[in-house]
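Trainee: For reference, the structure I am asking about is given below.
The values are calculated or read from the model by the stated rules, or taken from the named source; none is laboratory data. Predicted model only: the values in this text are computed from it and were never measured. Cβ placement follows ideal geometry from the backbone for every residue including glycine, while neighbour counts extend to all protein chains displayed.
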Amino acid sequence: MNQRFTDLIQAAIKQRLSDLHVTGGFPLIFRRDGVIHFDKNIKWSHTEIDAMVKEMLSERQLQTLRKRWSVDFALSFNHVRVRINAFYTTRGLSLAIRLLPETIPDLISLNLHPSLSQIVEIQSGLILVCGSTGSGKSTTVAAIIEEINRTRASHIITIEDPIEYRFKPKKSFIEQREVGIHVPSFNQGLLDVLREDPDVIFVGELREPDTIRLTLNAAESGHLVFATVHATDAEDAVYRINNCVTGENQDVIRYQFASTISWLIVQQLTHIKRVGFRVPILSILKGTPSVQSSIRENKLTQLETVMLTNRNEGMYTMNLYEKEFINERSSFIPPNKSFGMGADSSKEKDFVSSLIDPNAVQDVIYMSSIDDALKTENSSKLTVSPDDEQHYVILEDHDMDLKDLLAQYDESKEEIIEKPYRKK
């Protein structure tokens, strides 16, 4: 690890910084308590940044950067975990760095509403945590999962891009998979996970229609599923889920979502002058019959009214939450306490199996049948075994869409059935 970079991260932790921005020939930018600052005494040259990024990345990540001109990854060292996005700008490569100390804060130290601890007792359904970038969604989910880990005997599987908080198994058994390292895509991870005996599933982010559909399927099949969504309020979050597909499929998604949603939390960090730092402001929507009915009937403008009229169910709009919880609370725990270093962080080393090619770029989507394969939207050249119970879709062209796959499948359907399975 680049020593100058390591020293920078250590200094940032001591100064309670949340984000760093490094770009060639320009002063270091950092964020403290939500406010951007400049440090003119620290600069990297363009060539220094190129060399540092090359040292940080695996060969596969380097291929992603070269092809996509940006890459997400995370690193751990000295009880500190950092999430980094390297991206191409007018100044060459720039780095956006989020600091994630490996000790996972609990709900109380994050100044969250105590009712969130009720989620730990839920056995199935969908828990959505929403908000803008940097609002603390991942930290809130990590705190809830850590509480499950501490109190319940469960099998927890996470699918993340990248892995942010590293969990140390306690009462639960936890396995974490990072997109691009341990699994080729969120979709593949969700197809795998139902065959891996999970009780709790965490999907890092819902963006693509297939990821949303597969996440709802997992929640519908009796698992407790956590996911994050970029959304500014409950109506926005529900709209994004309901409209991830078009046509008749919208009704299916809407009914699935209505039947599986348990909690929908929207979070933003707001600076409170009287305490001198940012605290989370929440809106909380619960999957009551009235909420489910509003979602099924696509009457999303009613959701805020439902939250206001169901305060006895523990629902809040952000205004109500700030008035009744934040303004009535006499003290808050400062971030430097909740994000401090600790001996409880996971020290387990990553291991690369000798049977896995860590630099492979081919995506293999496992399906239970050909019919399932044809439902995916991101597919390519199709190779199957008609004699085996297991079927595979081989993604050799990452840019090919569903229409191309269907056309190719129709043209070669008879040939595929007649020919023996061809191993890649």
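Trainee: Would you mention how many residues in segment 271-312 are of a type in the set (D, E, K, R), farther than 23 Å from VAL35 by Cβ and loosely packed, with under 15 Cβ neighbours inside 10 Å?
Mentor: Of the residues in segment 271-312, 3 are of a type in the set (D, E, K, R), farther than 23 Å from VAL35 by Cβ and loosely packed, with under 15 Cβ neighbours inside 10 Å.
Trainee: Looking only at segment 141-163, count how many residues are crowded, with 17+ Cβ neighbours inside 10 Å and part of a helix (DSSP H, G or I).
Mentor: Total satisfying the criteria: 9.
Trainee: Looking only at strands (runs of 3 or more DSSP E) that lie completely in segment 1-116, which have at least 1 residues being modelled with pLDDT under 90 and surrounded by 15 or more Cβ atoms within 10 Å (Cβ to Cβ)?
Mentor: Those strands (runs of 3 or more DSSP E) span 27-32, 70-77, 80-89, 92-101.
Trainee: Let me confirm something: among ARG195, ARG213, which residue is assigned by TED's automatic domain parsing to the domain that holds VAL252, surrounded by 17 or more Cβ atoms within 10 Å (Cβ to Cβ) and either of a type in the set (Asp, Glu) or not in a strand (DSSP E or B) (or both)?
Mentor: Every option except ARG213 fails the conditions.
Trainee: Among the residues of segment 165-181, how many are under 16 Å from LYS349 (Cα atoms) and part of a loop (DSSP other than H, G, I, E, B)?
Mentor: Within segment 165-181, residues that are under 16 Å from LYS349 (Cα atoms) and part of a loop (DSSP other than H, G, I, E, B) number 6.
Trainee: For ILE159, indicate whether it is under 18 Å from GLU208 (Cβ atoms), modelled with pLDDT of 95 or more and touching a strand residue (DSSP E or B) at 6+ places or on another chain (Cβ under 6 Å).
Mentor: Considered against the rule, which asks whether it is under 18 Å from GLU208 (Cβ atoms), modelled with pLDDT of 95 or more and touching a strand residue (DSSP E or B) at 6+ places or on another chain (Cβ under 6 Å), ILE159 comes out as yes.
Trainee: Within the set of pairs 6+ apart or on separate chains, which have a first residue in segment 319-338 that is among the aliphatic types (A, V, I, L, M), a second that is surrounded by 12 or more Cβ atoms within 10 Å (Cβ to Cβ) and in a loop (DSSP other than H, G, I, E, B), and C-beta atoms under 9 Å apart?
Mentor: Note: pairs meeting the criteria are ILE326/ASN111; ILE326/PHE332; ILE333/PRO105; ILE333/ILE108; ILE333/SER109; ILE333/LEU110; ILE333/ASN111.
Trainee: Now for a separate question. Applying the selection to segment 269-312, what residues are part of a strand (DSSP E or B), of a type outside the set (Val, Ile, Thr) and closer than 28 Å to VAL245 by Cβ?
Mentor: Scanning segment 269-312 gives SER283, LEU285, LYS286.
Trainee: Next question. Can you tell me which of (1) in contact with a Leu (Cβ under 8 Å, 6 or more places away or on another chain); (2) at pLDDT below 95; (3) in a helix (DSSP H, G or I) is the one VAL252 doesn't meet?
Mentor: (1)
Trainee: Restricting to segment 316-348, count the residues that are in a loop (DSSP other than H, G, I, E, B), at pLDDT below 75 and of a type outside the set (Phe, Trp, Tyr).
Mentor: The number of residues fulfilling the criteria is 9.
Trainee: Return only the number of the condition from (1) hydrophobic (A, V, I, L, M, F, W, C); (2) surrounded by fewer than 22 Cβ atoms within 10 Å (Cβ to Cβ); (3) part of a helix (DSSP H, G or I) that CYS244 does not satisfy.
Mentor: (3)
Trainee: Suppose the filter is within 24 Å of SER58 (Cα to Cα) and at pLDDT 95 or above; does VAL203 pass it?
Mentor: Criteria met by VAL203.
Trainee: A follow-up question, please. Can you spot a residue in segment 234-242 that is of a type in the set (A, V, I, L, M, F, W, C) and over 17 Å from ILE127 (Cα atoms)?
Mentor: no
Trainee: Taking the options ASP33, ASP72, ASP19, name whichever one is under 19 Å from the mean Cα position of the chain (by Cα) and within 30 Å of SER330 (Cβ to Cβ).
Mentor: ASP19
Trainee: Right, another one. Within segment 231-240, can one find any residue that is closer than 28 Å to ILE156 by Cα, modelled with pLDDT of 95 or more, among the hydrophobic types (A, V, I, L, M, F, W, C) and out of contact with any Cys (no Cβ under 6 Å at 6 or more places or on another chain)?
Mentor: Among the residues of segment 231-240, at least one is closer than 28 Å to ILE156 by Cα, modelled with pLDDT of 95 or more, among the hydrophobic types (A, V, I, L, M, F, W, C) and out of contact with any Cys (no Cβ under 6 Å at 6 or more places or on another chain), which makes the answer yes.
Trainee: Ok, one more. When you scan segment 87-113, how many residues do you find that are more than 16 Å from GLN267 (Cβ to Cβ), of a type in the set (S, T, N, Q) and touching a Ser or Thr at 6+ places or on another chain (Cβ under 8 Å)?
Mentor: So the count comes out to 3.
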